Amino acid sequence: MKHALETNVSVSAPNEARRWPAAPMILAATLVVALLVNGATHAATPIDNGTPTSLPAYSGAPAVPHRIRAKRPPRNPHMARNPRSNVHNDPWMTDTYRYKGPLGRAPQTLSASLGRVCVTVTFDRRGRIVATCSSLAGPRLFMLDPETLDTLAEFELPFVPPPPGTDPRLNTAGGAYFFLDNRDRATVATATRHIMIIGETGGRSSPGFALEQDFDVSGAVPDRITSVLPDWEGRLWFVGRYTGSVNVLDPATGQVRSLLLNEEIENSFAIDEDGIYIVSDKKMYRFGLDANGTPTVVWSEPYQNIGIVKPGQVNAGSGTTPTLLHGGYVAITDNADPLNVVVYRTAATLPAGQSRLVCEVPVFPVGAGDTENSLIGAGSSLIVENNYGYTLASTANGVVTTPGITRVDIDADGNGCHVVWANTTERAPSAVPKLSLKAGLIYTITKDPDPVNTTADAWFWTAIDFQTGATVWKQLAGTGVLYNNHYAGVAISRRGTAYIGVIGGLVAIRDTQWGCRGRRNGRARCVRGAPGRARAARRWRRSAALHGYAGMNFAVSPAADP
């Protein structure tokens, strides 16, 4: 049963923030900002490793980049430029980058211990990392130096524990999702059912955060908010986690209009110029607004669901944020056994005789397949990874998950889909994978069994060829539970560094050799003017010295030479 309602919310400007019920938290955050504006930064310290692994730190060979041709997703004018605005990069949630990621050329890894996992990593226009990072004690907004991972600013977000009977380690509400807007402001739905808009202060020299606007929407949404995103008109759409409320807030008036589905919505959603695409634990939806500005269902389609929470899932439903593709398609996975990649036509109305459903393609073995992460979407292609068997406990002490990463393409005539390749060796427990269109590589985090040190937990940066599905190279990120990424998303900077949140904080990988080709006397030959391995290492040492950070490991495995 669906119920529509209208609510007016209270709006606090910065000078009214003290009247908000959670004022002590805002005051504490303001104190942090003041300290950071006065020049205090926190130098990054590495995350501790666990039991050493006998597996090689590097395997494979550096990639030769091959560009993937795919149309760009549209840019939402109220979000930061694609692909730096949210955990899935753009309003269509494609999980793609148009610039190059690491190629595996003498890769260097680094980490910053933050005591919390950074699920969503974005970049402001200055290239600085802006991320929400959470622990069982609650979420916090961070600004980090992209070169050294030093903390430049932080902002404590309001927190209340998840409802009784729910696993706090699977809490997707209260800040795991957020977006960076066109003014580099973080818009976060908090655990207290507020929508906070937090701006950057201090410029380059003294960066900080400050609360700019606070919308109390607790009267409109009966439970925790999963995600908030803007439509093309600047209205803020947000969804309720357990009751499936679909809400739209007019920031100019504070008015909220809502529709209650009485279903669970545990993922974020996709936005197009003429529709909002949401998947619940029961159906795939397209929403619009009626004449009164209330969310209304344009179309809905049930998907196959066996009704159980498979190991690796958060709830008994689709684990994907919907992904939009050019040509008028939206894709999810269902909760069938075997798991299917499901593609629908997005049009509000269809020609007589045309089905909303384009295809259902089984991708992993019966009894051993699920995913809790969004599909990568590029052109007519979709990438899905297998998360079956993942929990925090199940991946400790050397235990690994079920392998599987698969590419599914929509047929050229648009009337079906087919499997292009299936990588049945790589085990990606829970990372949100990303595709670099310029490099032609899929980046994820994998965990391999160690035949010698059988209790070692070895977590690897892994690059997979988009065209063939073959593993190109792997580089050890670290060992132990603190290097478990726990549903965090890979992010790639314009300079080609890849980042991902882990239980212990944030890890990164970057090439230290550029422009190298061929070999001479068994050694890599670099083109004139391109920094080689030694010069790159010196450059990173100088950067670390300038930031007072001595914890970075500059050793590069010889196996990583091209």
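The values are calculated or read from the model by the stated rules, or taken from the named source; none is laboratory data. Remember, predicted model here, so these are calculated numbers, not experimental data. Cβ placement follows ideal geometry from the backbone for every residue including glycine, while neighbour counts extend to all protein chains displayed.
Tabulated values for the structure
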read-out	value
Single residue of the range 362-380 satisfying the filter (polar (S, T, N, Q) and free of Cβ contacts under 8 Å to residues at least 60 places away in the same chain) that is nearest to PRO52 (Cα to Cα)	THR371
Qualifying residues in the range 134-145 (those that are under 17 Å from VAL502 (Cβ atoms) and in contact with a Ser or Thr (Cβ under 9 Å, 6 or more places away or on another chain)) - the one modelled with the lowest pLDDT	PRO139
Looking only at the range 431-454, and only at residues there that are of a type in the set (Ser, Thr, Tyr) and without any contact (Cβ under 8 Å) to a residue 60 or more places away in the chain, the one that is farthest from VAL400 (Cα to Cα)	THR444
Cβ-Cβ under 8 Å pairs, at least 6 apart or on other chains, the range 300-321 side free of Cβ contacts under 8 Å to residues at least 24 places away in the same chain, far side buried (at least 20 other Cβ atoms within 10 Å of the Cβ) and among the hydroxyl-bearing types (Ser, Thr, Tyr)	SER300/TYR285
Checking ALA396 against (1) part of a loop (DSSP other than H, G, I, E, B); (2) under 19 Å from the mean Cα position of the chain (by Cα); (3) farther than 21 Å from THR96 by Cα, the condition it does not meet	(2)
Qualifying residue in the range 359-378 (condition: under 17 Å from LEU325 (Cβ atoms) and in contact with a His (Cβ under 8 Å, 6 or more places away or on another chain))	yes
Condition met for VAL420 (at pLDDT 95 or above and closer than 29 Å to PRO73 by Cα)	yes
Where a residue in the range 117-141 is at positive phi and its partner, wherever it lies, is surrounded by fewer than 24 Cβ atoms within 10 Å (Cβ to Cβ) and not in a strand (DSSP E or B), with Cβ under 7 Å and at least six apart	GLY127/PRO146; GLY127/SER493; GLY127/ARG494; GLY138/PHE159
Any pair with Cβ under 8 angstrom, 6 or more apart, that starts in the range 396-414 at a residue that is within 11 Å of GLU385 (Cα to Cα) and surrounded by 18 or more Cβ atoms within 10 Å (Cβ to Cβ) and ends at one that is modelled with pLDDT of 95 or more and among the aromatic types (Phe, Trp, Tyr)	THR402/PHE364; THR402/TYR388; GLY404/PHE364; GLY404/TYR388; THR406/PHE364; THR406/TRP421; ARG407/TRP421; ARG407/PHE466
Unmet criterion (only one of (1) at pLDDT 95 or above; (2) out of contact with any His (no Cβ under 9 Å at 6 or more places or on another chain)) for THR94	(2)
The listed residue being touching a helix residue (DSSP H, G or I) at 6+ places or on another chain (Cβ under 9 Å) and at pLDDT 95 or above, out of THR151, THR109	THR151
Residue pairs meeting the criteria (Cβ under 6 Å; at least 6 apart or on separate chains; first on the phi > 0 side of the Ramachandran plot, in the range 263-292; second among the hydroxyl-bearing types (Ser, Thr, Tyr))	none
Some residue of the range 282-297 being among the basic types (Lys, Arg) and in a loop (DSSP other than H, G, I, E, B)	yes
Tally of residues being free of Cβ contacts under 8 Å to residues at least 60 places away in the same chain and under 19 Å from PRO433 (Cβ atoms) across the range 335-357	3
Residue match in the range 81-104 (condition: part of a loop (DSSP other than H, G, I, E, B), touching a Pro at 6+ places or on another chain (Cβ under 8 Å) and among the aromatic types (Phe, Trp, Tyr))	yes
Filter result for THR391 (surrounded by fewer than 23 Cβ atoms within 10 Å (Cβ to Cβ), at pLDDT below 95 and more than 14 Å from the chain's Cα centre (by Cα))	yes
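Conditions tested, residue by residue: (1) among the hydrophobic types (A, V, I, L, M, F, W, C); (2) closer than 17 Å to GLY416 by Cβ; (3) not in a loop (DSSP other than H, G, I, E, B).
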| position | (1), (2), (3) |
| --- | --- |
| VAL330 | yes, yes, yes |
| PRO338 | no, no, no |
| TYR344 | no, yes, yes |
| GLU360 | no, yes, yes |
